[in-house]
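A.B. asks: Sharing a structure below in structure tokens format, with a few things to ask.
Since every read-out is calculated from the coordinates, none of them should be taken as a lab result. These numbers were taken from a predicted model, which means no experiment stands behind them. Positions of Cβ are backbone-derived with ideal geometry, glycine not excepted, and every protein chain shown enters the neighbour counts.
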Amino acid sequence: MVPASASLHCHDTRSLTGTEAKMAEQVKLIGSSNSPFVHRAAVALRLKGVPYEFIREDMSNKSELLLKHNPVHKKVPVLLHGDRAVCESLVIVEYVDEAFDGGPPLLPADPYDRATARFWAHFLEEKCLKSLWPALWTEGEVQEAAMKEARENLALVEEQLREKRFFGGDSIGLADIAGAGLLGHWVGVLEEVAGVRVLSDKEHPALRRWAAEYLANEAVKECLPDRDQLLSHFSAIRDKCVSVAKSMLPK
Amino acid sequence: MAGEKKGLVLLDYWVSPFGQRCRIGLAEKGLEYEYSEQELLGDRSELLLRSNPVHKAVPVLLHDGRPVCESLLILHYLDEAFPNSPPLLPADPYARAQARFWAAYSDKVYEVGTRLWKLRGEEQARARDDMVEVLGNLDGELGDKAFFAGEAFGFVDLAVAPFTPWLPSYGRYGGFSVEREWPRLAAWARRCAGRESVAKSLQPPEKVDEYINVLKKHCGIND
């Protein structure tokens, strides 16, 4: 049974009271249950205390709603605020930070610190993730080269986290939202499905510590998909992971 | 910071569209800065390697010696560090989200364009299809408006304009004409080119095409 306090965020709005339903109607998050990108958007909404309705998308059979609101990428997450659609997870996180009062700021106040936070958020998104994928799913020499790059990128993140609790300081911010769920929760599952190890306690103690702190946060826990569910999902789409990895290789 | 150079320095490369975004932004905001041309085909300078150890790329903005990397982040930084100068981003959160989405999307023009001049055969054909999709999406977003956000030159125009001198070359490699396929986008490009900050920052298409030939030789491509 879903507890009453969590009902605003549950998949089914029929259990909400009239007022709660009205508030929840205003903000909707279109997403799938297994996506680390959807998780980012959900975490941001929860950290800022924004009630929302989760619209579960079947990515193998995309809805009119998704295609209408994200015609360019046709991907999740998509945030609907009234009739305005915001696409791309990190754009959504910054939007949620700017559009809603309440909850802690997801970016620091100082312009230079904000630039640094954005830099690492983008690094985690662009370089880190994009090097991890081929490192996990390719083979032989190609994999060796991809793994080398992935480990170099992870070493940079590890170095950053040695002195910090979170990228943003004491509380979870944009860069943490960009990477901690992925590196702390999803990567473990992907490593198991791929049969490849990328992260280790020995080489990445700061990263492990950071991810653990992130995963211990209440707002994060509320929108983290179950590990077994992810295992089952990624096992089923293993072939697709491999073909995506191949398409990501430099030409 | 003791001993650090005061003020703004832009580590840049003459033909870099990402560097040009920053030059346009600095001009739009009326900010004084020192332009520092970097060596990219040869050895990178100590200063560049120290300022951007992660990517070793331009542009890098140094503000009182502290580096800010990546063109779109630099533009955000300029708005936030110099709030008394004309803003590059709109004020409304939704308008900002739209601006961020399309500015980031426009990076694809350069990414796909590079595949277009570098690759051959099936891979080049795929790059061509991707470019047609990207330019089609940009054209669709622009619509019949003068600029991406409406009447006035804004963040997305600033982000996309530096790619316009590359389009004639991309058109040659991809076998398409921007003028013919996306006349609204072509007209928009001319409109932007008439703006002083843009005109001063961009290279003419002939120079860009020459540069692509230099890059091809550098990559060992001989056709």
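A.B. asks: Which one of B:PRO53, B:PRO67, B:PRO162 has the biggest mean-square fluctuation once chain B is modelled by GNM with Cα springs under 10 Å?
C.D. replies: B:PRO53
A.B. asks: Based on the Cβ-Cβ distance of A:ASP239 and B:VAL214, what FRET efficiency does E = 1/(1 + (r/R0)^6) give at R0 = 41 Å, to the nearest 0.05?
C.D. replies: It comes out at approximately 0.50.
A.B. asks: Helix-only mean residue ellipticity at 222 nm, chain B, DSSP H runs n ≥ 4 weighted -39,500 (n - 2.57), per residue, nearest 500. What is it?
C.D. replies: Computed ellipticity for chain B at 222 nm equals -17500 deg cm²/dmol.
A.B. asks: Just to be sure I understand: with springs between alpha-carbon atoms less than 10 Å apart, which residue in A:ARG165, A:ARG208, A:ARG238 has the highest mean-square fluctuation in the Gaussian network model of chain A?
C.D. replies: A:ARG238
A.B. asks: Moving on. Could you check the simple spin-label distance between B:ARG172 and B:VAL132, using points 7 Å along Cα→Cβ, in nm with one decimal?
C.D. replies: So the label points at B:ARG172 and B:VAL132 sit 2.2 nm apart.
A.B. asks: If you don't mind, there's one more thing I want to ask. Given the rule -39500 (n - 2.57) for each run of at least 4 DSSP H residues, summed and divided by the residues of chain A, what is its mean residue ellipticity at 222 nm, to the nearest 500 deg cm²/dmol?
C.D. replies: Rounded to the nearest 500, it is -16000 deg cm²/dmol.
A.B. asks: Within the stretch A:193-215, what residues put their amide N at less than 18 Å from the label point 7 Å along the Cα-to-Cβ vector of A:GLU144?
C.D. replies: A:196-198
A.B. asks: So if I take the centroid of the Cα atoms in the stretch B:162-201 and the same for the stretch B:21-77, what is the distance between those two points in Å?
C.D. replies: Their Cα centres are 25 Å away from one another.
A.B. asks: Still on this structure: Measure off 7 Å from each Cα along the Cα-to-Cβ vector at B:ARG66 and A:ARG227, then give the distance between these two points in nanometres to one decimal.
C.D. replies: Result for the modelled spin labels: 4.0 nm.
A.B. asks: How big is the protein assembly as shown along each principal axis, measuring the range of its Cα positions in Å and listing the largest first?
C.D. replies: 67, 55, 52
A.B. asks: Could you calculate the FRET efficiency of A:LEU249 with A:ASP83 from 1/(1 + (r/R0)^6), where r is the beta carbon distance between them and R0 is 51 Å, rounded to 0.05? Show your work: numbers first, answer last.
C.D. replies: Numbers: r = 40 Å, r/R0 = 0.78.
Given R0 = 51 Å and the Cβ-Cβ separation, E is 0.80.
A.B. asks: Shifting gears a bit: Between the alpha-carbon centers of the stretch A:115-154 and the stretch A:38-79, tell me the distance in whole angstrom.
C.D. replies: Here the two parts' Cα centres lie 25 Å apart.
A.B. asks: Can you give the mean number of other chain Cβ atoms that lie within 10 Å of the Cβ atoms in peptide A:106-113?
C.D. replies: Working: counts 0, 1, 0, 1, 2, 10, 8, 0.
Partner-chain Cβ atoms within 10 Å, mean over residues of A:106-113: 3.
A.B. asks: Can you pull the Kirkwood radius for chain A, inverse mean 1/r over Cα pairs, to one decimal in Å?
C.D. replies: One over the average 1/r among Cα pairs gives 18.9 Å for chain A.
A.B. asks: Turning to a different aspect of this structure: How much length is gained if the chain between B:ARG190 and B:LYS207 is pulled fully straight, taking 0.36 nm per residue apart and subtracting their Cα-Cα distance, in nm to one decimal?
C.D. replies: Stretched out fully, the B:ARG190 to B:LYS207 stretch lengthens by 4.4 nm.
A.B. asks: Can you give the % of DSSP beta bridges in the protein assembly as shown that are antiparallel, to the nearest 5?
C.D. replies: 70
A.B. asks: Do any of A:LYS28/A:LYS68; A:LYS246/B:LYS108; A:LYS28/A:LYS221; A:LYS164/B:LYS29; A:LYS127/B:LYS118 go past 25 Å between their Cα atoms, and which?
C.D. replies: The answer is A:LYS164/B:LYS29.
A.B. asks: Which residue, A:VAL189, A:VAL91, A:VAL50, tops the fluctuation ranking in a GNM of chain A built on C-alpha contacts under 10 Å?
C.D. replies: Looking only at A:VAL189, A:VAL91, A:VAL50, the largest GNM fluctuation is found for A:VAL91.
A.B. asks: Can you compute the modelled spin-label distance between A:ALA212 and B:LYS6, with each label point 7 Å from Cα toward Cβ, in nm?
C.D. replies: 4.8
A.B. asks: Let me ask you something else. Mind jotting down the distance between the C-alpha centroids of the stretch B:109-149 and the stretch A:206-227, whole Å?
C.D. replies: Rounded to whole Å, the Cα centres lie 39 Å apart.
A.B. asks: How long is the gain from A:LYS202 to A:PHE100 if the chain were fully straight, where each residue apart is worth 0.36 nm and the alpha carbon distance is subtracted?
C.D. replies: That works out to 32.7 nm of additional length.
A.B. asks: Can you list which of the GluC sites (Glu not before Pro) found in the stretch A:174-209 are DSSP loop residues with at most 16 other C-beta atoms within 10 Å? Working shown, then result.
C.D. replies: Details: sites: A:GLU191, A:GLU192, A:GLU203; in loops: A:GLU203.
Qualifying residues, ordered by number: A:GLU203.
A.B. asks: Right, here's the next one. In cubic angstrom, how much convex hull volume per residue do the alpha carbon atoms of the stretch B:95-194 span?
C.D. replies: So the per-residue Cα hull volume is 81 Å³.
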